[in-house]
Amino acid sequence: MTLTDRVGDAHHRDEPSAARLRVRRFRVPILSVALFAIVVVTGGIIQLLMPVPLLALPIGIGLAVSGVVAYRRLSRTVELRADVSELTPSGKWRDLRLGTLVGAMLFTVLMLLIGMFGGWEQLAWGSVGGFLATAGLMACVAVTEETLFRGLIFRVLEERVGTVLALAFSSVLFGLTHLVNENATLWGTLSIGLTGGVMLAAAYLVTRSLWLPIGLHFAWNLTHAGVFGVVISGSDTPPEGLLNLTLSGPSLLTGGAFGPEASLLALLVCLVPTVFLLRKASRTGQIRPRPKKVDTISD
């Protein structure tokens, strides 16, 4: 066999098979179902382990790492992508640290503003164990939800309809998924879409990486439930955090039964970083137009 034949054979082996190409055609439903199943299974495991903080924390972190590995493997297998650029190791720890710092600061500012306007009713010490267990849960939640909503849904939508429409559609969908929560309200889900959905997508846009939105998502949720111990996204029972804080007052101030994410102040607090991130994305050319349809003339 000549060198040319061997090169030709190697190239032939590298080409995707017809079966793999057919699978890739249905990449969105396949990946959506797979990633949603990961969200449900990992969330269920951590919920069962919440009463045992010393298990919930390491297992939650382990499941978060497994979620990253699963997303990368699924992207390569189903989408036939050689390079999963949104999970590049370059800048990973920097973006995770920055996202964690900003997310914690934003939610702390929100709670302080609610307190300044008289929304704090009762404050008591909570549990270190509850904080550790919540950290494990939120690490898992941040990874699985970001890979699903920003890594898959936003990314694929942007390829097809451009950045602006993808931002709108994915954020609305992110908010609507919270309608299944206890005490869910239309305003609460809309608020989460406008605050979390748009802000997290903007964080992805600036870096074209999932690490910054994962850090933001993790720290926002951990500060919410693990530090202040406030009802999160309409949950019936308040989480166990370092503190146990009860809110009281108008729904526009406290978010009512849905929690502070439905507060008008949450929109205002998240508006600042969202505008900053979107302006930076625009200046750096990360806002992509809707692709033009190419007319083809058959012979």
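Here, each number is a calculation from the coordinates, and none is a lab measurement. Predicted model only: the values in this text are computed from it and were never measured. Heads up, the Cβs are rebuilt from the backbone with ideal geometry, glycines too, and the neighbour counts pull from every protein chain shown.
To the nearest 10 degrees, how steeply does helix 211-221 sit against the main Cα axis of the chain, on a 0 to 90 scale?
Tilt relative to the chain: about 20 degrees.
Would you please classify the overall shape of the range 173-281 from the alpha carbon gyration tensor, given that a ≥ b ≥ c denote the square roots of the eigenvalues, rounded means a/c under 1.5, and beyond that prolate means a/b larger than b/c while oblate covers the rest?
On the way: a/c = 1.87, a/b = 1.58, b/c = 1.19.
Cα axes put the range 173-281 in the prolate bin.
As a test of the formula, what do you get for the chain when each DSSP H run with n ≥ 4 contributes -39,500 (n - 2.57) and the sum is divided by the residue count, at 222 nm and rounded to the nearest 500 deg cm²/dmol? Show your work: numbers first, answer last.
Working: 13 runs with 186 residues, N = 299.
It comes out at -20000 deg cm²/dmol, rounded to the nearest 500.
Identify, among Asn244, Val39, Ala124, the residue whose Cα sits farthest towards the positive end of the charge dipole of the chain, taking +1 on the Cβ of Lys and Arg and -1 on the Cβ of Asp and Glu, with the dipole about the Cα centre.
Farthest towards the positive pole: Val39.
Can you tell me the orientation of helix 163-176 relative to the chain, as the angle in degrees between its alpha-carbon axis and the longest Cα principal axis, to the nearest 10?
Between the helix axis and the principal axis of the chain, the angle is about 50 degrees.
Considering the alpha-carbon set of the chain alone, what are its Rg and its Dmax in angstrom?
When restricted to the Cα atoms of the chain, Rg and Dmax are 21.4, 82 Å.
By counting other Cβ atoms within 10 Å of each Cβ, how are Tyr204, Tyr71 ranked from fewest to most?
Tyr71, Tyr204
Which of Ser170, Ser209, Ser282 has the fewest other C-beta atoms within 10 Å, and how do the rest follow up to the most?
Least crowded to most crowded, the residues run Ser282, Ser209, Ser170.
Of Trp211, Trp187, how do they rank once you tally other Cβ atoms within 10 Å and put the fewest first?
Arranged by neighbour count, lowest to highest, Trp211, Trp187 become Trp187, Trp211.
Treating the angle as unsigned and between 0 and 90°, give the value, to the nearest 10°, between the Cα long axis of helix 198-207 and the longest Cα principal axis of the chain.
Tilt of helix 198-207: around 50 degrees.
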